[in-house]
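Chemist: Here you go, one structure.
The values are calculated or read from the model by the stated rules, or taken from the named source; none is laboratory data. What you see is a predicted model; the values in this text were computed from it and never measured. All Cβ positions, glycine included, derive from the backbone under ideal geometry; neighbour counts span all protein chains shown.
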Amino acid sequence: MFFNYDSVKSQLNVYFCVHAHLVDFDNNMKSQKVDIINKKSQKNAEAVFEAIHTLMHLIRSEQYRVLRDSPYQLTHMEGKMLAYFSQNPGATLRELVIHTGRDKGQLARTIKTLKEQGLLIGEEDPNDRRSQLLSLTTEGTKINESLIDQLNHLTELAVHDLSDADCQKLLQLLTQIRANIQRSNDKKDSK
């Protein structure tokens, strides 16, 4: 039997070249699968955030509608201030500034508006004559309770088809999303 070294060498070169191309092809296919999975994962993430954004927009829109449709056509900030003074009767403007982190002038103007509408009353602080202790009037309390009832109805409507287990799972998932974002922000802040 005649053995042709050059022929075998040539065939081995072809084999190794083909094998190398197949390995590259296989690795490329794996990479493409990972890319497809990553793209699907990215699309899922985008779909989740779009759903959260849309839901928050819808909720905010309904909250604003409730405020707008109230007899006093309240702004979002006015509604939040009624809720704050309902939970913190006798609080001062300074305490409200600390709680909200908002501009003192903006809050003072909003307090003035609520006082003019008869929803908020201020009494002189016996410990600091420059400051007023702010509380809801009877009408302010009625309006705040009405707003709370309407917002509670919206909340019940939003989850009425969900079981308790579904609500718990949704809450768990949203908590995890918030934690992921917070962890990312914490890492950025620590740099």
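Chemist: Among the residues that make up segment 123-146, is at least one of them within 17 Å of the chain's Cα centre (by Cα) and either within 22 Å of Gln73 (Cα to Cα) or of a type in the set (S, T, N, Q) (or both)? Step through it out loud before you land on a result.
Modeler: Step one: list which residues in segment 123-146 are within 17 Å of the chain's Cα centre (by Cα), which gives none.
Scanning segment 123-146 turns up no residue that is within 17 Å of the chain's Cα centre (by Cα) and either within 22 Å of Gln73 (Cα to Cα) or of a type in the set (S, T, N, Q) (or both).
Chemist: Out of everything in segment 114-166 that is part of a helix (DSSP H, G or I) and β-branched (Val, Ile, Thr), what residue ends up being farthest from Leu82 (Cα to Cα)?
Modeler: Of the residues in segment 114-166, the ones part of a helix (DSSP H, G or I) are 114-116, 138-159, 164-166.
Cutting the leftovers down to β-branched (Val, Ile, Thr) gives us 138, 141, 143, 148, 155, 159.
Numbers: Thr138: 12, Thr141: 8, Ile143: 8, Ile148: 10, Thr155: 19, Val159: 26 Å.
Filtering first and then ranking leaves Val159.
Chemist: If I go through segment 141-164 residue by residue, how many of them are among the aliphatic types (A, V, I, L, M) and surrounded by 13 or more Cβ atoms within 10 Å (Cβ to Cβ)?
Modeler: Residues that pass the stated criteria total 6.
Chemist: Still on this model: Filtering segment 125-140 down to residues that are surrounded by fewer than 11 Cβ atoms within 10 Å (Cβ to Cβ) and among the polar types (S, T, N, Q), which residue is modelled with the highest pLDDT?
Modeler: The selected residue is Thr138.
Chemist: Right, something else. Restricting to segment 133-164, what's the tally of residues that are within 17 Å of Glu62 (Cα to Cα) and not aliphatic (A, V, I, L, M)? Full working, then the answer.
Modeler: Step one: filter segment 133-164 for residues within 17 Å of Glu62 (Cα to Cα), giving 143-160.
Subset that is not aliphatic (A, V, I, L, M): 144-146, 149-150, 152-153, 155-156, 160.
Final tally of qualifying residues: 10.
Chemist: Moving to a separate point now. Quick test of your reading of the structure: Thr110 fulfils all but one of (1) surrounded by 12 or more Cβ atoms within 10 Å (Cβ to Cβ); (2) farther than 19 Å from Ser70 by Cβ; (3) of a type in the set (Val, Ile, Thr). Name the failing condition by number.
Modeler: Of everything listed in (1) surrounded by 12 or more Cβ atoms within 10 Å (Cβ to Cβ); (2) farther than 19 Å from Ser70 by Cβ; (3) of a type in the set (Val, Ile, Thr), Thr110 misses just condition (2).
Chemist: Going through segment 88-101 one residue at a time, which ones are modelled with pLDDT of 95 or more, loosely packed, with under 14 Cβ neighbours inside 10 Å and outside any helix (DSSP H, G or I)?
Modeler: Within segment 88-101, Pro89, Gly90 qualify.
Chemist: Let me ask something else. Does Glu116 fit the bill of being modelled with pLDDT of 80 or more, loosely packed, with under 10 Cβ neighbours inside 10 Å and more than 26 Å from Arg178 (Cα to Cα)?
Modeler: yes
Chemist: Right, another one. Tally the residues that are outside any helix (DSSP H, G or I) and among the charged types (D, E, K, R), restricting the search to segment 52-82.
Modeler: 1
Chemist: Is it the case that segment 120-128 has a residue that's more than 28 Å from Glu62 (Cβ to Cβ) and of a type in the set (S, T, N, Q)?
Modeler: yes
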